[in-house]
């Protein structure tokens, strides 16, 4: 079975979900989009992953602000408001009778092309909006087990050619890093920045703990994760020292604890990096504390 931060408990209800495409709903097996879609042709699009808890969309404003910022960065005009997209998300979860432990993927591409091309002037439609909502409860077994990381030779890029903060459809770089990690027998990839400092993982943000202090990267070369920002804020509010700084693999290997963060898995412990056990190789006490505080924050968010 696949093991990693996105491992979910099996749920047969997902076989019959309805998927939103440009104002219409389709059964899972009938949900299709043109092969001339910009996202399919050249990875020209942006997306967000949002969680539904107790009927409420957690941190939805943060996610949509990031989506709008990304669209602005690539010159993609969104022809509706954030309130309208929230209504469409809510319509999607309502038609699927969803209430709790739901993961929602919102994907926005530039639209349909006249012919296969990078040129945005050849787009002949408005943006394509796809919303996929699935019953997805993170596997507790996988979370408690933790994950093993392998440091990939693929680096996180510089902001001057593909800003790592851009949550776009072009994820091949991260896929290559993950494949390298899987081939090495790990669960996910740890990625360095252009200077060789520890940066992030292929799909999550990385943290380590040393002498009761939390360390994470400067944020210059990693995805501006919503969960990452919440954990940093939690540390500040609970008098836990949190450094956003440069550090190397040398520092990481001797960490007392390590964990990764993401919208789906929350806080997931890291037990090994490059074959080396981190701390006791378990879900450490500080990591657990931060995980519990993050779950409390979600409960406050959704009321």
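The values are calculated or read from the model by the stated rules, or taken from the named source; none is laboratory data. Keep in mind it's a predicted model, so treat the numbers as computed, not measured. Please note: Cβ atoms are built from the backbone with ideal geometry, for glycine as well, and neighbour counts cover all protein chains shown.
List the number of the failed condition for residue 115; all other conditions in (1) surrounded by 14 or more Cβ atoms within 10 Å (Cβ to Cβ); (2) touching a helix residue (DSSP H, G or I) at 6+ places or on another chain (Cβ under 9 Å) hold.
Residue 115 satisfies all of (1) surrounded by 14 or more Cβ atoms within 10 Å (Cβ to Cβ); (2) touching a helix residue (DSSP H, G or I) at 6+ places or on another chain (Cβ under 9 Å) except (1).
Out of everything in region 69-88 that is crowded, with 18+ Cβ neighbours inside 10 Å and out of contact with any strand residue (DSSP E or B) (no Cβ under 6 Å at 6 or more places or on another chain), what residue ends up being farthest from residue 22 (Cα to Cα)? Walk me through it before giving the result.
Residues of region 69-88 that are crowded, with 18+ Cβ neighbours inside 10 Å, as a first pass: 70-71, 76, 78, 85.
From the residues that got through so far, the ones that are out of contact with any strand residue (DSSP E or B) (no Cβ under 6 Å at 6 or more places or on another chain) too are 76, 78, 85.
Values: 76: 16, 78: 13, 85: 11 Å.
My answer is 76.
What do you reckon, is residue 132 surrounded by fewer than 22 Cβ atoms within 10 Å (Cβ to Cβ), at pLDDT 95 or above and either assigned to a strand (DSSP E or B) or in contact with a helix residue (DSSP H, G or I) (Cβ under 6 Å, 6 or more places away or on another chain) (or both)? Working first, answer last.
On the way: surrounded by fewer than 22 Cβ atoms within 10 Å (Cβ to Cβ): yes; at pLDDT 95 or above: yes; either assigned to a strand (DSSP E or B) or in contact with a helix residue (DSSP H, G or I) (Cβ under 6 Å, 6 or more places away or on another chain) (or both): yes.
The answer is yes for residue 132.
With 153, 170 as the choices, which residue is over 22 Å from residue 269 (Cα atoms) and either more than 18 Å from the chain's Cα centre (by Cα) or in a strand (DSSP E or B) (or both)? Explain how you work it out, then say what you get.
Details: 170 fails: either more than 18 Å from the chain's Cα centre (by Cα) or in a strand (DSSP E or B) (or both).
One residue alone meets the criteria, 153.
Just one of 195, 173 is modelled with pLDDT under 95 and under 23 Å from residue 229 (Cβ atoms); which is it?
Numbers: 195 fails: modelled with pLDDT under 95.
Of 195, 173, the one residue that is modelled with pLDDT under 95 and under 23 Å from residue 229 (Cβ atoms) is 173.
Being over 24 Å from residue 26 (Cβ atoms) and without any contact (Cβ under 8 Å) to a residue 24 or more places away in the chain is the filter here; which residues of region 63-80 pass it?
Selection gives 65, 68, 69, 72.
Scan region 281-303 for residues that are touching a strand residue (DSSP E or B) at 6+ places or on another chain (Cβ under 8 Å) and under 16 Å from residue 62 (Cβ atoms) and jot them down.
294, 298, 301, 302, listed by residue number.
Looking for something at pLDDT 95 or above and either touching a helix residue (DSSP H, G or I) at 6+ places or on another chain (Cβ under 6 Å) or part of a strand (DSSP E or B) (or both) - is there at least one such residue anywhere in region 86-100?
Scanning region 86-100 turns up no residue that is at pLDDT 95 or above and either touching a helix residue (DSSP H, G or I) at 6+ places or on another chain (Cβ under 6 Å) or part of a strand (DSSP E or B) (or both).
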